[in-house]
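Notes to accompany the following structure.
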């Protein structure tokens, strides 16, 4: 219980979000690619999601935590607890076809917003994975989008 409380306290702080949101994505992307999709062992499951920018048309790759939902993977658009939805989630709403790399496997997927019933079922699993998600939800003042990623 102590580890989860600590993860929520530190991970959910505004300072952590401000620093980690700038540092973690490029470091995570580089490590993920360098290690060939392997993780360092102790961290939560992470994938690389490549979307097409809705304004630029350029590919954008973001590292995201995920939970398994049967054959699908689910990601939460928390944006570190900020008021605005993350750009990658806006990109998914414009163009749901994405590339996903989970471990060594890279595949084409289609993203869709979770239904309210799916959200209710999946949200506790995200909090279990990364307790700071609950702090993000309280702080952001919006519904955190959850996307399901299915083979295209």
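Quick notes
- A single member of 118, 150 is out of contact with any helix residue (DSSP H, G or I) (no Cβ under 8 Å at 6 or more places or on another chain), in contact (Cβ under 8 Å) with a residue 12 or more places away in the chain and part of a strand (DSSP E or B), and it is 150.
- The residues listed here are 68, 55; of these, the one that is loosely packed, with under 13 Cβ neighbours inside 10 Å, under 16 Å from residue 130 (Cβ atoms) and at pLDDT 85 or above is 68.
- Residue in the range 67-79 that is part of a helix (DSSP H, G or I) and either touching a strand residue (DSSP E or B) at 6+ places or on another chain (Cβ under 7 Å) or touching a residue at least 24 places away in the same chain (Cβ under 8 Å) (or both) present: yes
- In the range 127-137 there is no residue matching the filter, namely being buried (at least 18 other Cβ atoms within 10 Å of the Cβ), modelled with pLDDT of 95 or more and in contact with a strand residue (DSSP E or B) (Cβ under 7 Å, 6 or more places away or on another chain).
- Subset of the range 95-122 (residues that are modelled with pLDDT of 95 or more and within 15 Å of residue 68 (Cβ to Cβ)): 100, 107, 109, 114, 118, 121, 122
- With respect to the conditions (1) out of contact with any helix residue (DSSP H, G or I) (no Cβ under 7 Å at 6 or more places or on another chain); (2) assigned to a helix (DSSP H, G or I), residue 101 falls short on a single one, namely (2).
The values are calculated or read from the model by the stated rules, or taken from the named source; none is laboratory data. Computed from a predicted model, the values in this text were never measured in an experiment. Positions of Cβ are backbone-derived with ideal geometry, glycine not excepted, and every protein chain shown enters the neighbour counts.
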